[in-house]
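Shown next, in structure tokens, is the structure this report addresses.
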């Protein structure tokens, strides 16, 4: 029996990388389908293989996983966030951060297009970045001389995924890290999305001692798969302050004696973060409940 990490899945086959760097192709045993388990790219698995024909026998416990794209055991998710063109969108950044917090994935905020900013705009983004750093998030600016090297150092020996709004520069950054990632430009991606049978699988590509996921898209932050009562778990600055609320289980909306609202009033929690919290609360409340079937 051997152990390795799945680095690619394609049409029912799984390519597994061994610690030596060798890659072997396998299939999943039928028992996985019966138990509704499915190996994911990023999984550590036990398998047997002979003459490039093998079967996965067991999937190790996952640290975390995402559904869209389907990938497991992610160390870092790089959120490529445009400082301008398109304008900085705090609600979208917060939505991505909350989704990653819920999935137990460590975020890294990468502000792109910093070179397009005027002095006052630069100061505003600096202020925003300082706040996110103060609540525990790593931040890199694209215009600092050491930014690219700092990013590569943070990715080294880790598995990472990249996410970002259209036009934020995610593909440009990935291609700069490694042309072998071969990501399409926005125009090509749009053309592909209009066609049929163009789904691409996730692949982990080795780039300077880092494993980077080449993904066809990233949509895990579009729907929140948790209750409104859990929402404040995924705002680090709320977690720190909520025990001071007058009522246990405070939702930080209309309750008296709310420490979160008091913190917003004095500026220790930003208004934009609180606005995001309220917007996500309404979003979760409006989502249709999921009903499990026995089919």
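Evaluate the following for residue 131: is it modelled with pLDDT of 95 or more and touching a strand residue (DSSP E or B) at 6+ places or on another chain (Cβ under 8 Å)?
For residue 131, the condition - modelled with pLDDT of 95 or more and touching a strand residue (DSSP E or B) at 6+ places or on another chain (Cβ under 8 Å) - is not met.
Could you figure out which of (1) within 30 Å of residue 278 (Cα to Cα); (2) touching a strand residue (DSSP E or B) at 6+ places or on another chain (Cβ under 9 Å); (3) surrounded by fewer than 20 Cβ atoms within 10 Å (Cβ to Cβ) isn't true of residue 66?
(3)
Before we move on, is residue 51 exposed (fewer than 14 other Cβ atoms within 10 Å of the Cβ) and free of Cβ contacts under 8 Å to residues at least 24 places away in the same chain?
yes
Report, by residue number, each residue of the range 264-284 that is free of Cβ contacts under 8 Å to residues at least 40 places away in the same chain, in a helix (DSSP H, G or I), under 26 Å from residue 124 (Cβ atoms) and under 28 Å from the mean Cα position of the chain (by Cα).
Across the range 264-284, the qualifying residues are 264, 271, 274, 278.
Select, from 192, 174, the only residue that is at pLDDT 85 or above, assigned by TED's automatic domain parsing to the domain that holds residue 110, in a helix (DSSP H, G or I) and on the phi < 0 side of the Ramachandran plot.
So the residue among 192, 174 that is at pLDDT 85 or above, assigned by TED's automatic domain parsing to the domain that holds residue 110, in a helix (DSSP H, G or I) and on the phi < 0 side of the Ramachandran plot is 174.
Could you tell me which of the residues 206, 225 is surrounded by fewer than 14 Cβ atoms within 10 Å (Cβ to Cβ), under 20 Å from the mean Cα position of the chain (by Cα), farther than 24 Å from residue 21 by Cα and at pLDDT below 95?
It is 225.
Here's the yes/no breakdown for (1) outside the structural domain of residue 233 (by TED's automatic domain parsing); (2) part of a strand (DSSP E or B); (3) farther than 18 Å from residue 220 by Cβ:
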residue: 87; (1), (2), (3): yes, no, yes
residue: 93; (1), (2), (3): yes, no, no
residue: 96; (1), (2), (3): yes, no, no
residue: 99; (1), (2), (3): yes, no, no
residue: 107; (1), (2), (3): yes, yes, no
residue: 115; (1), (2), (3): yes, no, yes
residue: 122; (1), (2), (3): yes, no, yes
residue: 125; (1), (2), (3): yes, no, yes
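Looking at (1) in contact (Cβ under 8 Å) with a residue 24 or more places away in the chain; (2) assigned to a helix (DSSP H, G or I), can you tell me which one residue 133 breaks?
Among (1) in contact (Cβ under 8 Å) with a residue 24 or more places away in the chain; (2) assigned to a helix (DSSP H, G or I), the lone unmet condition for residue 133 is (1).
Which count do you get for residues in the range 12-50 that are part of a helix (DSSP H, G or I) and within 24 Å of residue 212 (Cβ to Cβ)?
Total satisfying the criteria: 0.
Does residue 149 meet the test of being in a helix (DSSP H, G or I), surrounded by fewer than 19 Cβ atoms within 10 Å (Cβ to Cβ), modelled with pLDDT of 95 or more and not assigned by TED's automatic domain parsing to the domain that holds residue 42?
Spelling it out, it is not the case that residue 149 is in a helix (DSSP H, G or I), surrounded by fewer than 19 Cβ atoms within 10 Å (Cβ to Cβ), modelled with pLDDT of 95 or more and not assigned by TED's automatic domain parsing to the domain that holds residue 42.
The values are calculated or read from the model by the stated rules, or taken from the named source; none is laboratory data. These numbers come from a predicted model, not from an experiment. Ideal geometry is used to build each Cβ from the backbone, glycine not excepted, and the neighbour counts take in all protein chains shown.
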